[in-house]
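Engineer: Below you'll find the structure I mean.
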């Protein structure tokens, strides 16, 4: 296949999301020649944002960071990117079955502070079921699940089945549905499409009780790809979707629509389903091929809505809310205190997304704003900016926040998730064993892939 | 995007499996200029076989046909391809928990003849559960499911859960697991990875009680692609994987690694997940994109084993068996009476496949033959030929027999399965509403796609 033994690069990285950029940077710092190939017309993948006002940035992808996300925190510290606490002062709004209330507390799996305005019986149902869920979750290993016989049983059912068997009230049922749809334990999913084992393990290795949304980033997370890319110089090609990866004993050849590049190794840093869209010669092992058919992205669009000021604070509200209204189940205050502006981040997810995405653009906007007004009052109807990133419509990402595993995949195909195939290594937040689906997981897999390739390069 | 308005073809068909060939043929018969593009180095997709002895052919893909498969039967009649009854005379072998027995009967969902050597209690458990399954299945529509509110509930659980709740004995449990793994109701699946709704609907539109394996084809099904292709002349390009499909108001442009072709319409005739590997400009609707992330192929390899003669008949056996032995859960006699040879077709599926595919080639062969010997006696250890097609390892098919839907997909993404997108129409057995997963479904969707495009061509 390769016509000569000349290798132009030590390693090619496919994908310029956070994991790919970290992998490329670490390889370059170790003195290796690298090239990054990116399909889109911009770098960053799901780490992507823009400035909407002085000192006010919005992130279309991830935006938060929490105290136990060591590797991502180290990255922020290294580049001296400052953070600020997520604005949480004030009451949380709860909108349930059309009834609006406020409470001094918060629930996202774990619950803090006051009970929301729901009957004691319903609340106890949710909280008791949550304890059972936690207990089962804590019985799992921190590493990728699927190897224990007991995992088979947990992987053969949907989370919807577990919810049905473990909650007695409508609220209890909704509480868990909301958790998996809005928060997601890795990739967000409808309870009826995700493996129970996947959700349990997600709560084990990326628990909300560790407060992964504790802080926000001055300047937005979207600035980070550019900062790393500056270090890489001109070693990034955008607008070059990789079509084919060939390998033999000598090296790899990576073919795009425009060019062909040779290297000793390649790191494919993208969601697993997307890695399955590349042609491989020789073909990948059967289990890896079938894994990429079974690793869908969550169904989620992110919406950023800005206002002249965080008007909710005058009402004693935190700019955070949750509930079962028609479109919005969760929103959070993303205002940078340096800007004076008010910014709400929210999402349309799962079943809601399907009904929402068939609307016209004005209808979509109006649906979201009137829902938000039900939580925060009519001032919500008059935003300064209204921005949407419809991740499921983006063919180079395919969904958000991240991917999830349907029933039966962990136990039968899980071994293929991170296993290199010859000269091909994998990266991307989805394959992390700690904080998968988060920036921290992306950093970890980028670092791990780079370290593995550096080791092989030095051994040869 | 398109530089000129010159259209070279009326329609390009991507994929030369049965559905693609039928679509191309019908378009050509209607007087249209067509081109078929095929990624592999041969035509036929999963309709593929070879000759192993005079008058004896083996099929690596589908091979059977049943009395209600109208469209496939019409095709065989049109090309005057003769059939013969599947050899079923003699006793069926049943190997369960290491115990071998013979019985004058057969079970594959529906049961015929004698009860196999299993306790009355266990048999009644399986049969009574089957009646409940049938009843629930018959309550579904013949067209694609997912639109009724009740379907949501059925789609939010795995078949494993239904089995657990509806069978009391180990045999009852195995009976249904065997059915979905070996027979598959469309694509074969492990009970713990497939939607209950999918399995119920599969039994509705492609029922084993209609005897879809009643007849075999003299010369093998694998001859058919060549017969149709002969009619198409040199309008088929093999070794040309399609990389990109662009469309605008004027037409489509189909780009392969080597060439670019223009046409008025394109029919993409392949398993849905595989259609998701092509880049589309403009991108496909979000729901279609996410559907192709959620439509995996079954995990199945097919094995054809031939002998000097059908030695089992001397023992009064039919050459058919089922059971829960280590590798083989189902096998069937595929001997052409014209040849005098004996041919057994069998499969390695689901969990069994995962343990089998990590073995060396000699180990794989020895595993299958020793298992078959436990059913048919030691003569099975000395075959004349032993041929395997490892479908999950083939990157241009990705699994066998066909695809299945995990929980939650029918109800949220089902609408996108067959809906054309602009100038792009879809074909392939997976998207059929009658006999999906079978040749008949392939013919139906090929005919339907051709008819739709012919209609649009004549309207312009």
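Engineer: Go through (1) in contact with a helix residue (DSSP H, G or I) (Cβ under 6 Å, 6 or more places away or on another chain); (2) touching a residue at least 40 places away in the same chain (Cβ under 8 Å) one by one and return the number of the condition residue A:281 breaks.
Structural biologist: With respect to (1) in contact with a helix residue (DSSP H, G or I) (Cβ under 6 Å, 6 or more places away or on another chain); (2) touching a residue at least 40 places away in the same chain (Cβ under 8 Å), residue A:281 is out only on (1).
Engineer: Out of (1) touching a strand residue (DSSP E or B) at 6+ places or on another chain (Cβ under 8 Å); (2) without any contact (Cβ under 8 Å) to a residue 60 or more places away in the chain, what's the single condition that is false for residue B:160?
Structural biologist: (1)
Engineer: If you don't mind, another one. If you scan the stretch B:401-426, which residues turn out to be at pLDDT 95 or above, assigned to a loop (DSSP other than H, G, I, E, B) and away from chain A (no Cβ under 11 Å)?
Structural biologist: Within the stretch B:401-426, B:402, B:417, B:418, B:419, B:420, B:422, B:423 meet the criteria.
Engineer: Test residue A:252 against the criterion of being surrounded by 16 or more Cβ atoms within 10 Å (Cβ to Cβ) and away from every other protein chain (no Cβ under 13 Å), and give yes or no. First the steps, then the outcome.
Structural biologist: On the way: surrounded by 16 or more Cβ atoms within 10 Å (Cβ to Cβ): yes; away from every other protein chain (no Cβ under 13 Å): yes.
The answer is yes for residue A:252.
Engineer: Ok, one more. Taking residue A:229 as the residue in question, decide whether it is away from every other protein chain (no Cβ under 14 Å), touching a residue at least 60 places away in the same chain (Cβ under 8 Å) and closer than 30 Å to residue A:133 by Cα.
Structural biologist: Taking the combined requirement at face value, the residue does not satisfy it.
Engineer: Right, here's the next one. It is to be established whether one or more residues within the stretch A:329-342 are under 22 Å from the mean Cα position of the chain (by Cα), free of Cβ contacts under 8 Å to residues at least 60 places away in the same chain and over 30 Å from residue A:81 (Cα atoms).
Structural biologist: no
Engineer: Tell me which residues, restricted to the stretch B:199-219, are buried (at least 24 other Cβ atoms within 10 Å of the Cβ) and either in a loop (DSSP other than H, G, I, E, B) or within 14 Å of chain A (Cβ to nearest Cβ) (or both).
Structural biologist: B:199, B:206, B:212
Engineer: Pick from the stretch A:341-359 the residues that are in a loop (DSSP other than H, G, I, E, B) and touching a strand residue (DSSP E or B) at 6+ places or on another chain (Cβ under 8 Å): which of them is nearest to residue A:218 (Cα to Cα)? Spell out how you get there, then give the answer.
Structural biologist: Quick first cut of the stretch A:341-359, residues in a loop (DSSP other than H, G, I, E, B) only: A:341, A:357-359.
So of that shortlist, the ones also touching a strand residue (DSSP E or B) at 6+ places or on another chain (Cβ under 8 Å) come out as A:341, A:357.
Numbers: A:341: 13, A:357: 31 Å.
Here the answer is A:341.
Engineer: Look through A:396, A:435 and report the one residue that is assigned to a loop (DSSP other than H, G, I, E, B) and crowded, with 24+ Cβ neighbours inside 10 Å.
Structural biologist: Numbers: A:396 fails: crowded, with 24+ Cβ neighbours inside 10 Å.
Result: A:435 is the single residue among A:396, A:435 that is assigned to a loop (DSSP other than H, G, I, E, B) and crowded, with 24+ Cβ neighbours inside 10 Å.
Engineer: Another one. Among the residues in the stretch A:284-302, are any touching a residue at least 24 places away in the same chain (Cβ under 8 Å) and under 19 Å from residue A:383 (Cα atoms)?
Structural biologist: Within the stretch A:284-302, one or more residues are touching a residue at least 24 places away in the same chain (Cβ under 8 Å) and under 19 Å from residue A:383 (Cα atoms).
Engineer: Which one of A:257, A:226 is in contact with a strand residue (DSSP E or B) (Cβ under 9 Å, 6 or more places away or on another chain), within 30 Å of residue A:343 (Cβ to Cβ), outside the structural domain of residue A:163 (by the TED database) and surrounded by fewer than 22 Cβ atoms within 10 Å (Cβ to Cβ)?
Structural biologist: After ruling out the rest, the residue left standing is A:226.
Engineer: Let me spell it out: the conditions are (1) crowded, with 20+ Cβ neighbours inside 10 Å; (2) outside any helix (DSSP H, G or I), and residue A:443 meets all of them except one. Which number is the exception?
Structural biologist: Only one criterion is unmet by residue A:443, namely (2).
Engineer: Which one of these does residue A:383 not meet: (1) touching a strand residue (DSSP E or B) at 6+ places or on another chain (Cβ under 6 Å); (2) buried (at least 20 other Cβ atoms within 10 Å of the Cβ); (3) closer than 23 Å to residue A:16 by Cβ?
Structural biologist: In the conditions (1) touching a strand residue (DSSP E or B) at 6+ places or on another chain (Cβ under 6 Å); (2) buried (at least 20 other Cβ atoms within 10 Å of the Cβ); (3) closer than 23 Å to residue A:16 by Cβ, residue A:383 misses (3) alone.
Engineer: In the stretch B:54-73, is there at least one residue being surrounded by 16 or more Cβ atoms within 10 Å (Cβ to Cβ), over 18 Å from the mean Cα position of the chain (by Cα), in the same structural domain as residue B:310 (by the TED database) and not in a loop (DSSP other than H, G, I, E, B)?
Structural biologist: Yes, some residue in the stretch B:54-73 is surrounded by 16 or more Cβ atoms within 10 Å (Cβ to Cβ), over 18 Å from the mean Cα position of the chain (by Cα), in the same structural domain as residue B:310 (by the TED database) and not in a loop (DSSP other than H, G, I, E, B).
Engineer: Taking residue B:118, is it farther than 19 Å from residue B:298 by Cβ, away from chain A (no Cβ under 14 Å) and without any contact (Cβ under 8 Å) to a residue 24 or more places away in the chain?
Structural biologist: no
Engineer: Kindly list the number of the only condition in (1) in a helix (DSSP H, G or I); (2) modelled with pLDDT of 95 or more that fails for residue A:387.
Structural biologist: Residue A:387 satisfies every listed condition except (1).
Engineer: Within the stretch A:102-125, work out how many residues are modelled with pLDDT of 90 or more and out of contact with any strand residue (DSSP E or B) (no Cβ under 8 Å at 6 or more places or on another chain).
Structural biologist: 7
Engineer: For the stretch A:74-92, does any single residue satisfy the condition of being within 22 Å of the chain's Cα centre (by Cα), loosely packed, with under 14 Cβ neighbours inside 10 Å and in a helix (DSSP H, G or I)?
Structural biologist: Checked the stretch A:74-92: at least one residue is within 22 Å of the chain's Cα centre (by Cα), loosely packed, with under 14 Cβ neighbours inside 10 Å and in a helix (DSSP H, G or I).
Engineer: Out of A:135, A:150, report the one residue that is surrounded by fewer than 17 Cβ atoms within 10 Å (Cβ to Cβ) and either closer than 26 Å to residue A:418 by Cα or within 14 Å of another protein chain (Cβ to nearest Cβ) (or both).
Structural biologist: Only one candidate qualifies: A:150.
Engineer: Can you tell me which residues in the stretch B:163-179 are in contact (Cβ under 8 Å) with a residue 24 or more places away in the chain and under 21 Å from residue B:436 (Cα atoms)?
Structural biologist: Passing the criteria: B:176, B:178, B:179.
Engineer: Has the stretch B:234-244 got at least one residue that is within 24 Å of residue B:430 (Cα to Cα), more than 14 Å from chain A (Cβ to nearest Cβ) and out of contact with any strand residue (DSSP E or B) (no Cβ under 6 Å at 6 or more places or on another chain)?
Structural biologist: Yes, that holds for at least one residue.
Engineer: Of A:245, A:228, A:267, which residue is modelled with pLDDT of 95 or more and in a helix (DSSP H, G or I)?
Structural biologist: A:228
Engineer: State which residue is nearest to the other protein chains (Cβ to nearest Cβ) when the search covers only the stretch B:357-370 and only residues that are surrounded by fewer than 23 Cβ atoms within 10 Å (Cβ to Cβ) and closer than 18 Å to residue B:322 by Cα.
Structural biologist: B:367
Engineer: Okay, next question. Of everything in the stretch B:179-198, what is assigned to a helix (DSSP H, G or I) and buried (at least 21 other Cβ atoms within 10 Å of the Cβ)? Give them in sequence order.
Structural biologist: Of all residues in the stretch B:179-198, those assigned to a helix (DSSP H, G or I) come to B:179-183, B:196-198.
Answer for the stretch B:179-198, where residues must be assigned to a helix (DSSP H, G or I) and buried (at least 21 other Cβ atoms within 10 Å of the Cβ): B:179, B:180, B:181, B:183, B:196, B:197, B:198.
Engineer: Could you tell me whether any residue of the stretch A:235-250 is within 20 Å of residue A:453 (Cβ to Cβ) and either in contact with a helix residue (DSSP H, G or I) (Cβ under 9 Å, 6 or more places away or on another chain) or not assigned by the TED database to the domain that holds residue A:17 (or both)?
Structural biologist: yes
Engineer: Give me the pairs, please: first residue somewhere in the stretch A:3-29 and farther than 22 Å from residue A:59 by Cα and assigned by the TED database to the domain that holds residue A:238, second residue anywhere and assigned to a helix (DSSP H, G or I) and modelled with pLDDT under 95, beta-carbon distance under 8 Å, and either six or more positions apart or on two chains.
Structural biologist: Partner pairs satisfying both residue conditions: none exist.
The values are calculated or read from the model by the stated rules, or taken from the named source; none is laboratory data. Nothing here was measured: the structure is a model prediction, and the numbers come from that model. Glycine gets a Cβ as well: all are built from the backbone with ideal geometry, and neighbour counts include every protein chain shown.
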